[in-house]
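The structure under discussion appears below in the form of structure tokens.
The values are calculated or read from the model by the stated rules, or taken from the named source; none is laboratory data. Everything numeric in this text was worked out from a predicted model, so none of it was measured. A quick note on method: Cβ atoms are made from the backbone with ideal geometry, for glycine too, and the neighbour counts reach across all protein chains shown.
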Amino acid sequence: MLGYLALGFLLLGLFLFASRGKPVLKRREWRFLSAAAAVVCFAGAAYAGVRGGWGLAIVLVVVGLGFAVSTRRTGAAPAPSARMSAAEARRILGVEEGASPAEIQAAYTRLMRLAHPDKGGTAGLAAQLNVARDRLLGR
């Protein structure tokens, strides 16, 4: 069992070495693989515990907890760098100059469905959409 675990870590190390520091997985893919790795570690810990390998079981539980925690880890949304102009806010939301508040809110909602971090978007883009909406609605 320990040999398979060592082989898995070796293959993971070779894969990360081959990427040469470039991001291999996006946030969404990392969360999925991290959750899958946590499940595998917990299953391996249960198997090792039933077979009497308590040392290995404890190590696998700790590694599994690390993977499980990393699935929920989120970065803070970066604050918009400068005060956004109304023209820039309209360009970001894709609305015309005389757009009504309902049109602005509809454009914001449509774009936020695509750009939300939980849907595969980035926190920075979601923050820009929030600032653009607030700028145009005078909040």
* To do: Sort through 64, 21, 8, 44 and tell me the only one that's under 26 Å from residue 120 (Cα atoms), under 27 Å from the mean Cα position of the chain (by Cα) and either modelled with pLDDT of 80 or more or in a helix (DSSP H, G or I) (or both).
  => 64
* Residue count for segment 42-52, restricted to those that are more than 14 Å from residue 3 (Cα to Cα) and crowded, with 17+ Cβ neighbours inside 10 Å -> 2
* To do: Return a yes/no flag: does segment 25-38 have any residue that is at pLDDT below 80, out of contact with any strand residue (DSSP E or B) (no Cβ under 6 Å at 6 or more places or on another chain), in a loop (DSSP other than H, G, I, E, B) and surrounded by 12 or more Cβ atoms within 10 Å (Cβ to Cβ).
  => yes
* Does any residue of segment 117-127 turn out to be part of a helix (DSSP H, G or I), surrounded by 12 or more Cβ atoms within 10 Å (Cβ to Cβ) and hydroxyl-bearing (Ser, Thr, Tyr)? -> no
